[in-house]
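The values are calculated or read from the model by the stated rules, or taken from the named source; none is laboratory data. In this text the structure is predicted, and so the values were computed from the model without any measurement. Cβ placement follows ideal geometry from the backbone for every residue including glycine, while neighbour counts extend to all protein chains displayed. The area values use the complete protein model at the heavy-atom level, side chains included, leaving out ligands, DNA and RNA. Shrake-Rupley method; radii C 1.70, N 1.55, O 1.52, S 1.80 Å.
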Amino acid sequence: MKKTANMATLLLLLVTFLVACRSSAVSEPSDSSQVEKKTITVGFSQLGAESDWRGANTESMLSALSSENGYTLIYKNGQQKQANQVTALRMFIQQEVDYIVLAPETETGWDFVLREAQEAKIPVIIVDRRVDVADDSLYTCWVGSDFALEGRKMASWINSYMMQKKVDGKDVHIVHIQGTEGSTAQIGRTKGLEEGVQMYGWDLVAQESGDFTEVRGREVMASFLREHDNINVVYCENDNMAIGAIEAIEASGKKVGSDIANGEIMVVSFDGINEKAMNYLKEGKISCIAECNPLHGPRVQGLIETLERGEVPEKLNYVSETLLSSVPEIKIVVVNSIGYDVEIVK
Ligand code: AHR
């Protein structure tokens, strides 16, 4: 009996010892900072502040990559100069950030600096516009819009409208205010229009860059109006330039609107984020806007989280977007045999 009691005591002591050992292995460290989640340092090079779209994009990035969400964000505005963006990227590399996020102004000219980031083993996430590099492994992934699809949807909308109103292609006299030359948004939207010109026989009267700004949109449109008296459609590659163009049209004594048979000048545009442009859409001063979604912050955050888990995200991540119009007749557009709904805005 005594022997059994001794055995039980021994067993109890052994169990107590093992539990003590185990609990000390998993116990909380006395210094609570040791258990704090590490913050992720991100260097974000934004290309500039040229438009309302850009403002919304910057804000989305800053609020997603915030300290509350576990990030230390180093933000640099490139002032629409690629050289400034390259300098910012080199600074991020020197600071040994965990990730670089790049919203590039134009597509080309990134190979060298992206190679430097790759050598420093810093993943690079491209946002909004694309980079055109010889080796795709120089960046980890991209998230943004299908700018060519935006342009094609717009061209299809113009064609449907003209067919509905029985306007012959050769009587569609279009001026084209382009965005920053060499940017993906310009390249894609220009492609959409130029394909439309080929397919539907439109008269492309003039093309010039307005650099995505309201001031340049106004200047370019004023000069188009001085040189040409038959313009009936303005294809603006963003809303800020459309606002400037509308000012120039109205200052010249002409009227904006979709009734081109009665002398109005139809304005179409891209983005759908600017309040004034949205009001113009409702009033019929802008006939159609191809949405371009700027809210990439949470998307970039999601990509970083995927990488943090050791997973491989999709290389190219397209955002889905719609067409907005106050013209009730066109409810759907077709691009490459696919139908896209038009959202009627009242
Ligand atoms: O790259 C997106 C484009 O850039 C937006 O359409 C334009 O407004 C911005 O400046």
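About the Cα centre of the chain, how large is the charge dipole given +1 on each Lys and Arg Cβ and -1 on each Asp and Glu Cβ? Please answer in debye to the nearest 20.
1200 debye
Name the aspartates and glutamates eligible as straight-distance cross-link partners of Lys81: C-alpha to C-alpha under 19 Å, and not fewer than 8 places from it in the same chain.
Glu50, Asp52, Glu105, Glu107, Asp111, Asp128, Asp132, Glu181, Asp211, Glu214
Skipping prolines and chain starts, which residues have an amide H placed within reach, meaning under 5 Å, of the one on Ser326, given they are 5 or more residues away or on another chain?
Val345
Round to the nearest 0.05 the FRET efficiency obtained for Thr39 and Glu250 when R0 = 56 Å and r is the Cβ-Cβ distance.
Details: r = 51 Å, r/R0 = 0.91.
For Thr39 and Glu250, the calculated efficiency is 0.65.
In whole Hz and in residue order, list the ³J(HN,Hα) couplings for the range 221-237 that follow from phi through the Karplus curve 6.51 cos²θ - 1.76 cosθ + 1.60, θ = phi - 60°; x for Gly and Pro.
Listing the rounded values in order: 5, 4, 6, 4, 5, 5, 8, 9, 10, 10, 5, 10, 9, 10, 9, 9, 7 Hz.
Rounded to whole Hz and in sequence order, give me ³J(HN,Hα) for the range 160-170 from the Karplus expression 6.51 cos²θ - 1.76 cosθ + 1.60, θ = phi - 60°, writing x for Gly and Pro.
4, 5, 5, 5, 4, 8, 6, 9, 5, x, 5
With an 8 Å cut-off on Cα pairs and a minimum separation of 6 or more residues, tell me the relative contact order of the range 270-346 in percent.
On the way: 91 pairs, mean separation 23.6, N = 77.
Relative contact order for the range 270-346 comes out at 31 percent.
Any idea what % of Cα-Cα pairs in the range 67-184 are farther than 17 Å?
That fraction is 64 percent.
Classify the range 30-107 as rounded, prolate or oblate, taking a ≥ b ≥ c as the square roots of the eigenvalues of its Cα gyration tensor: rounded when a/c is under 1.5, otherwise prolate if a/b is larger than b/c and oblate if not. Intermediate results must be reported in sequence, preceding the final value.
Values: a/c = 3.98, a/b = 1.77, b/c = 2.25.
Since a/c reaches 1.5 but b/c is at least a/b, the shape of the range 30-107 is classed as oblate.
Which residue, chosen from Leu193, Ser66, Leu316, occupies the Cα position most advanced towards the positive end of the dipole of the chain, where the dipole is computed from +1 (Lys, Arg) and -1 (Asp, Glu) charges on Cβ about the Cα centre?
Toward the positive end, the furthest listed residue is Ser66.
Taking 8 Å as the Cα distance limit and 6 or more residues as the minimum spacing, I'd like the relative contact order of the chain as a percentage.
Details: 692 pairs, mean separation 52.0, N = 346.
Taking the mean separation of contacting Cα pairs over the length of the chain, I get 15 percent.
Let me know the charge dipole size of the range 176-261 about its Cα centre in debye, to the nearest 20, where only the beta-carbon of Lys, Arg (+1) and Asp, Glu (-1) is charged.
Result for the range 176-261 is approximately 80 debye, rounded to the nearest 20.
Could you tell me which of rounded, prolate or oblate describes the range 148-234, using a ≥ b ≥ c as the square roots of the eigenvalues of the alpha-carbon gyration tensor, with rounded for a/c under 1.5 and, failing that, prolate when a/b is larger than b/c and oblate otherwise? Write down the numbers at each step before the final one.
On the way: a/c = 2.27, a/b = 1.22, b/c = 1.85.
Taking the square roots of the gyration eigenvalues as a ≥ b ≥ c, the range 148-234 is oblate.
Could you work out Rg/(2.2 N^0.38 Å) for the range 186-280, with Rg from alpha carbons only?
Details: Rg = 12.7 Å, N = 95, 2.2 N^0.38 = 12.4 Å.
After normalising by residue count via 2.2 N^0.38 Å, the value is 1.02.
So which lysines pass the test for Lys38, namely a Cα distance under 19 Å, with those fewer than 8 places away in the same chain ruled out?
Counting by Cα, and skipping residues close in sequence, Lys38 has these lysines nearby: Lys121.
Check Gln80: other-chain or 5+ apart residues with amide H under 5 Å from its amide H, H built from backbone geometry?
Gly48, Ala49
Tell me the per residue accessible area of the chain using a 1.4 Å probe; a whole number in Å² is fine.
Values: 16840 Å² over 346 residues.
Here the residues of the chain average 49 Å² of exposed surface.
Could you pull out every one of the lysines with an alpha carbon less than 24 Å from that of Lys153, ignoring same-chain neighbours closer than 8 positions?
Leaving aside lysines fewer than 8 places away in the same chain, those within reach of Lys153 are Lys165, Lys166, Lys170, Lys191, Lys276, Lys282, Lys285, Lys331, Lys346.
Once you keep just the Cα pairs under 8 angstrom separated by 6 or more residues, what percentage relative contact order results for the range 68-165?
Values: 110 pairs, mean separation 20.5, N = 98.
With pairs under 8 Å counted, the relative contact order is 21 percent.
Which ³J(HN,Hα) values, rounded to whole Hz and listed in residue order, are derived for the range 180-194 from phi using the Karplus coefficients 6.51, -1.76 and 1.60 in 6.51 cos²θ - 1.76 cosθ + 1.60 with θ = phi - 60°, glycine and proline given as x?
4, 4, x, 8, 4, 4, 5, 4, x, 5, 5, 4, x, 5, 5
Quick one: give the max-minus-min coordinate of the C-alpha atoms of the chain along each principal axis, largest first, in Å.
For the chain, the Cα spread along each principal axis is 113, 44, 33 Å.
In terms of modelled amide H atoms, which long-range or inter-chain residues lie less than 5 Å from the amide H of Ser209?
Gln178
At a 1.4 Å probe, what is the % contribution of carbon and sulfur to the accessible area of the range 188-346? List each step's numbers first, then the result.
Values: 3370 of 7160 Å².
With neighbouring chains kept in place, the figure for the range 188-346 is 47 percent.
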